[in-house]
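Contents: one structure, followed by commentary.
Just so you know, all these numbers are worked out from the coordinates, no wet-lab data involved. Being a predicted model, the structure only gives us computed values, none of them experimental. Here the Cβ positions follow ideal geometry from the backbone for every residue, glycine too, while neighbour counts run over all protein chains shown.
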Amino acid sequence: MSRPTPLERKRTIEYFSRRRATEVLALALLTTGAVQVLAAGKVFTDPAPPVFEAGPAPAAAKPQVNPEATAHAAPRALAPGAHTSDWPNFLGPAHNLASQETLLRREFPAAGPTPVWEMRKGEGYASPVIVGERLVLFHRVGAEEVVDCVHAGDGRRFWQVKYPAAYRDRYGYNPGPRATPAIAGGRVFTFGAEGRLHCIDLASGRVNWRRDLHGEFGIKQNFFGVGASPLVARDVVIVQLGAPGGPGVAAFDVVTGKMRWGAETEWGASYASPVPATLHGRERVLIFAGGESRPPTGGLLCIDPATGAVDFRFPWRGTRYESVNAASPVVLGDRVLVAECYGSGGALVEARADGTAAIVWKNPTFGMHFMSALRIGDHLYGVHGHGPQDAELVCIEVATGREVWRDQPLWTETVREARGPREIRTGLFRAFLLAVDGQVLALGEFGHLARLDLSPQGVRVVERAWLFAATETWTPPALSRGLLYVCQNTRDTLRGTPPRLLCYDLRGE
């Protein structure tokens, strides 16, 4: 594909400018949170369209013995009338860590949730994704990023794709992928820590196309490499790029891998994954951007997924250089919650029908780090805080942002060591909250799974189980067909087990 001539580029810009003449640069200081209306402007070209593997895909792969997997017990049959669903992308089918599955167990067995199977995993923080009987895990083993497709019910392997990876984390965290894959239309999309985007056929494991986006767009490593998961919106896969001078966000054709549009010139790529929204009846994609920059810049972008046109920009970022925007936006009707924990906290933004936005409220002490806030009725529940010491579960009113209560659930565990039992004080700390079947499950960062009673009156730990004694449980759980999938990302300090993907049976009678 040839590059446009200077005359063609000029005519394209003129046409685009006429078409979007009403979107001239404007700054609307709607409150102390300034909302900027982004003008039409720079036209981005695709630096290296990939070669698409045309032709029919190979036959679907059959599950084979997986030497990394261990079976424990067959799960229960699904309860008659149980509603189930896939878990095809980050934060689940509705991008909000809420599941519509029903007829699950109402309490854990005495020994904790029943393990079905487990699989030794490499490094990384990506969640598993599930469609039908296929589960995809994206991780790093040695010097390679690995995409494993295994049977969701027993861990047998369908196929595996791997390629060299040299990423090293400058802060000493593990070098595995951070971005969760997305499955849509029979395709798997992965975005590695070094900026490699792959499209893989779900049934066969054939790589349809691949791109080295960081190399193609001249992107330097951000604080922690690539962390925002890809999002499929109809016929494009949308990723945060943070290229110098733009695009900050780009969309690629799901079939060919060619760039369809680019957007944003100033804000870099963050660690908050894009989420879809329907605002005033229009399909939109919400990006909580903000990468490595001096001074720190970033905020909420509202984008038309069909064209890349930006409705509005809402600046929201901590003032520290090493601050990051990492919690995905939470859609509340035509309003959007953004939150970060490096100083600004949380803000509720109202998207208006004319494509502008206004701040509804802000709360500097409701700042999620990388967890997602959960809405239950008229209240929001989330974990405010940067580290385990200051991580507190907070309840606020949706309408006003007023804090209702704040708590840090703690308890005592007895640890049995060679020299005898020892008691330690522990808790959930930076936990992911999962709403399902009228209950809330919490996965704590040191391997605890708890069932919580959350209400405006407070929090009560109904029951809990210590799945493993491992740090960095910073991967949200996944739930599909009554089976819960949890990633253990570091070695269990008590049992010595290596990092694993674990499957538990939550099916009811």
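Couple of notes before you dig in:
- Ascending count of other beta-carbon atoms within 10 Å, so fewest first, for I424, I376, I287: I424, I376, I287
- Cα centroid separation - the range 440-509 against the range 386-432, whole Å: 14 Å
- Distance from the Cα centroid of the range 156-194 to that of the range 366-381 is 27 Å (rounded to whole angstrom).
- Cut-off 20 Å (backbone N to label point 7 Å along Cα→Cβ of E509), residues of the range 425-452: 437-439
- The range 69-116 and the range 299-329: distance between their alpha carbon centers, rounded to Å: 33 Å
- Within the chain, helix-based [θ] at 222 nm, where runs of 4 or more DSSP H residues each add -39,500 (n - 2.57), nearest 500: -1000 deg cm²/dmol
- A DSSP coil position with no more than 11 other Cβ atoms inside 10 Å describes the following trypsin sites (Lys or Arg not before Pro) in the range 434-509: R495.
- Here the spin labels are modelled as points 7 Å beyond Cα on the Cα-Cβ line, and at V415 and K62 they lie 4.8 nm apart.
- Length gained on full extension, V462 to V404, computed as 0.36 nm times the residue gap minus the Cα-Cα distance: 18.8 nm.
- Footprinting exposure proxy for K162, K121 (fewest neighbouring C-beta atoms within 10 Å first): K162, K121
- Available extension along the chain between H386 and D354 is 7.9 nm, counting 0.36 nm per residue and deducting the alpha carbon span.
- Restriction of the GluC sites (Glu not before Pro) in the range 74-156 to DSSP coil positions whose beta-carbon has at most 10 other beta-carbons within 10 angstrom yields E107.
- Taking Cα atoms only, the orientation of helix 6-19 departs from the longest principal axis of the chain by about 80 degrees.
- Bridgeable aspartates and glutamates around K362 (alpha carbons under 14 Å apart, same-chain partners fewer than 8 residues away excluded): E340, E350, E397, E403.
- Neighbour-limited loop hits for chymotrypsin sites (Phe, Trp or Tyr not before Pro), the range 291-345 (at most 13 other Cβ within 10 Å; DSSP other than H, G, I, E, B): Y321
- Rounded, prolate or oblate (a/c below 1.5 giving rounded, otherwise prolate when a/b exceeds b/c) for the range 368-484 by Cα gyration tensor: prolate
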